[in-house]
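The values are calculated or read from the model by the stated rules, or taken from the named source; none is laboratory data. Just so we're clear, the structure is a prediction, and the values are computed from it rather than from any experiment. Please note: Cβ atoms are built from the backbone with ideal geometry, for glycine as well, and neighbour counts cover all protein chains shown. Quick note on the areas: whole protein, heavy atoms, side chains included, nothing else; ligands and nucleic acids left out. Shrake-Rupley method; radii C 1.70, N 1.55, O 1.52, S 1.80 Å.
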Amino acid sequence: MHSITELLQQLVYGLSLGSIYALIALGYTMVYGIVKLINFAHGDVMMVGAYMGWLAITVFHFPFFPAILFAMIVAAIAGIIIERAAYKPLRNATRIAALITAIGVSLFLEYGGMLVVGAQMRTYPNVFPETMYKIGGITFKFGDIVMLVTALVLMLLLHFTVQYTKIGKAMRASSFDMEAALLMGVNVNTTISATFAIGSALAAAAGVLYGIYFNSIDPLMGITPGLKAFVAAVLGGIGIIPGAMVGGLVLGVTESLVSGLGASTWRDAVAFLILILVLIIKPSGLFGKNLREKV
Amino acid sequence: MLVLEDVHVYYGAIHALKGISLQVNQGEIVTLIGSNGAGKSTSLKTISGLLRPKQGKISFNGEDLSKIPPQKIVAKGISQVPEGRRIFANMTVSENLDMGAYLRKDKSGIKQDVERVFELFPRLKERKSQVAGTLSGGEQQMLAMGRALMSRPQLLLLDEPSMGLAPILVKQIFTIIQEINAQGTTILLVEQNAHMALSIANRAYVLETGKIALGGQAQDLAASEDVRKAYLGG
Ligand SMILES: Nc1ncnc2c1ncn2[C@@H]1O[C@H](COP(=O)(O)OP(=O)(O)O)[C@@H](O)[C@H]1O
Ligand SMILES: [Mg+2]
C-alpha cells in the first residue's frame, strides 16, 4: 500500500465485502439467539440464494431488484422447511446432535446442489453498468454502490422489524427467555420459523451480491463466506444483532486491507486469526456484555 | 373455575406431582403453600401448559386444558407471574407490558390497561422507557405482575411474589394482590411465606412432596397446630 488514496480504496472494497459478510452473519446470530444452534448450513442457504438470483436473472430475465427479492423469498421458504424438517424434531435433544444435523443439512445442500446444477462454476451475469465514479482519486463502481446500499437498507429494515414489530418483539423475548415468552402467549414455533425465514432471506441477498462481486458461483461457494460470517458473528458477540453487522464490516475491511498490503494469500487466514484472538481475549465478542440483546 | 383432579407430573423419572387435586372458585384468593421442592412451581407450570400431566384432569371453566398449548391457555384467561419474575431484562418496561398484551389486538383497550397497571404500580410509570434489567428487585416483581395483567386474565397465577424482597415491599405487593382481586381477578398464590399468604387468602392448600397434605379455609389453617409448626415457625 503506497498512499492514503489506496488505503481508502481498499476501505471501500472492504466495506462492500464486509456488508456481504454482515448479511450472512445476521442469520447465524439470529438463529443462535433463539435456538442456540450454530446453523452450519447457513452458508449453503446463501449458495441456494445465489443460484436463485442467477436463475431469476439469466432465465427469467429479471432486473436486479426483482431478482434479489425472488432469491430472498425462495430462501426464506427453504429456511423454514430446513428448520421444520431437520432441527425442530431435535429441539430438546443435545446440542451436539443438533450440530451434527446442521452439518448433515450443509452436506445435503452442497452435494444435492451439485446433483441438480452440476459441480462446475457458473458465470454470474453482470447486472450493473460498468460506470465508475472517481471521487478524490477513489474509484466507486456503480455496482459496488448498489450493493453497499442494498445491504445497508436490508440491515435497517431488519433493525426496524426486530425493534418495533410484533414478531420482532416476540423474537427478542423468545431468545431472552423462551418459557417466559410462552407465558405471554407467544407461539414459539411461529417465531422460530420467522427467524429462520428472515435469516435465510438475508443470506440469499448476500448470495446474489457475492455472486455479482466475484462474478462466479458454484455449489460449494457457501463454505468460505459461511465460515467467515460465522467468525464475524462471534467477533460481534454471537446472538447480538448489531454485533453481527459490525463484525461483518470489520472482517471485510481487515481482509481487504491485508490484500492491499500485498498479502492477499493471507486473506483467508486473517478471519481465523481474528477468531482465535477473539476467543482468547474476549470470548463474548465485541458487543458481549452481561445484559445482552439477543435474537 | 379451575379444577385439578388427581394430576401427576414427571420430570423424566422424577415423580414431582403425585396426584394433586385442588379447586379455585371465581373471585377467590387461594394459596398453595409448602416448603422448597414441594412441587408448587410444577403445579403452576402444569396449569399454564408448560408441563403436561401424565395422568389426571385440569379444567378451566369446564374446559379440559391438559392438551392445550401454553399460548392458547393464555388466550383462555390464565396468566402467570413466574417464580423469579422472568421479566425480559433486555427490553424496556413498556415493551415488557406490550409482551403481556401479545395476544390482544384492541389497541385502545391495551392503552387503558397500561394506565391501569401504572395506577397500581406508579413506579413503573416513572420508569417506562428504562431497560427492565436495570430495575430493582421490587420493581421487577411489579413489572412481572403488571405484564401478567396485560392479558386481562380471569385467573392470575402468582409464583412466590415475595421471594427476595424486603418485608416492607412484601407488604406492599400483598396489598396490591388484594387490590387486583378486588377488581375482579381470581388469584392462585404460591408462597413459601405462608404467614403472609394465609393472611390474605380465602382458602389454602398445603403441598408436601408432590401431594396435597391439607386444605381448607385460610384462617383455619393459620390456626392449625400442624401448619403453625411446619410453616409458620411455631
Ligand atoms: N426441570 C426439572 N427437572 C427435574 N426435576 C425438577 C425440575 N424442576 C423441578 N424439579 C423437581 O421437582 C420437585 C418440585 O419442584 P418445584 O415445583 O420447583 O418445587 P417448589 O416450587 O415447591 O419449590 C423438586 O423435587 C425438584 O427438584
Ligand atoms: Mg418454586
*Please give every one of the lysines within straight-line cross-link reach of residue B:229, meaning a C-alpha to C-alpha distance under 27 Å, and leave out same-chain neighbours fewer than 8 residues apart.*
B:18, B:40, B:171, B:211
*When chain B is treated as a GNM, springs tying every alpha-carbon pair under 10 Å, which of B:44, B:169, B:143 comes out with the largest mean-square fluctuation?*
B:169
*asked:* Residues of the stretch A:176-201 that become at least 10 Å² less accessible with every protein chain present than in their own chain isolated, using 1.4 Å: which are they?
replied: A:176, A:177, A:179, A:180, A:182, A:183, A:184, A:185, A:186, A:187
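Which sequence of B:199, B:224, A:174 reflects their accessible areas, 1.4 Å probe, from the largest down?
B:199, B:224, A:174
Report the antiparallel proportion of the DSSP beta bridges in the protein assembly as shown as a percent, rounded to a multiple of 5. Each step should come with its number before you reach the end.
Values: 28 of 46 bridges.
Taking every DSSP beta bridge within the protein assembly as shown, about 60 percent pair in antiparallel fashion.
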*How big is the accessible area of residue B:98 in square angstrom, nearest 10, if you roll a 1.4 angstrom probe over the protein chains?*
60 Å²
*In nm, to one decimal, how far is the residue B:130 label point from the residue B:232 one, both placed 7 Å along Cα→Cβ?*
3.7 nm
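Residues with beta-carbon under 15 Å from that of residue A:116, excluding residue A:116: net charge, scoring Lys, Arg +1 and Asp, Glu -1?
Values: positive: A:122; negative: A:44, A:110, A:218.
Result for the local shell: -2.
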*Where does chain B land on Rg(C-alpha)/(2.2 N^0.38 Å)?*
0.98
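If you add up the charges near residue B:72, with Lys and Arg at +1 and Asp and Glu at -1, over every other residue whose beta carbon is less than 15 angstrom from its beta carbon, what do you get? Before the final figure, lay out the partial values.
Values: positive: B:52, B:67, B:76, B:104; negative: B:63, B:64.
Residues close to residue B:72 contribute a combined charge of +2.
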*asked:* How charged is the neighbourhood of residue A:21? Take every other residue with its Cβ under 14 Å from the Cβ of residue A:21, and add Lys/Arg as +1 and Asp/Glu as -1.
replied: 0
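Using the heavy atoms of the protein chains alone and a 1.4 angstrom probe, what is the accessible area of the stretch A:19-222 per residue in square angstrom? Please report the intermediate quantities before stating the final value.
Working: 8280 Å² over 204 residues.
Using a 1.4 Å probe on heavy atoms only, each residue of the stretch A:19-222 averages 41 Å².
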*Who wins for biggest fluctuation among B:107, B:125, B:67 in a Gaussian network model of chain B, springs between alpha carbons below 10 Å?*
B:107
*Would you kindly find the accessible area of residue A:159, with a 1.4 Å probe and non-protein molecules such as ligands, DNA and RNA excluded, rounding to the nearest 10 Å²?*
90 Å²
_Set of aspartates and glutamates near residue B:67 by C-alpha distance (under 18 Å), chain-local residues within fewer than 8 positions excluded_ = A:179, B:5, B:6
*Ignoring any ligand, DNA or RNA, what whole percent of the accessible area of the stretch A:19-222 comes from carbon and sulfur when the probe is 1.4 angstrom?*
73 percent
_Which positions within the stretch B:100-124 get 30 Å² or more of their accessible surface covered by the other protein chains, compared to the chain by itself, with a 1.4 angstrom probe?_
B:102
*With heavy atoms of protein chains only and a 1.4 Å probe, what residues of the stretch B:28-52 have at least 40 Å² less accessible area in the full set of chains than alone?*
B:50
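Accessible area of chain B with a 1.4 Å probe: how many percent of it is carbon plus sulfur? Present the calculation step by step, with values, prior to reporting the outcome.
Numbers: 4870 of 9960 Å².
Of all accessible area on chain B, carbon and sulfur atoms account for 49 percent.
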*asked:* Quick check: the angle from helix B:107-120's long axis to the longest principal axis of chain B, C-alpha only, nearest 10 degrees?
replied: 70 degrees
_Partners for residue B:105 among lysines (Cα-Cα distance below 16 Å; same-chain residues under 8 apart left out)_ = A:166, A:169, B:72, B:76
*Hey, rough spin-label estimate for residue B:6 and residue A:126, points 7 angstrom out along Cα→Cβ, what's it come to in nanometres?*
7.9 nm
*asked:* Using only protein heavy atoms and a 1.4 Å probe, how much accessible area in total is buried between B and A, to the nearest 100 Å²?
replied: 2100 Å²
_the stretch B:109-190 - convex hull of alpha carbons, volume per residue in Å³_ = 91 Å³
_FRET efficiency for residue A:60 and residue A:111, using Cβ-Cβ distance with R0 set to 35 Å, rounded to 0.05_ = 0.85
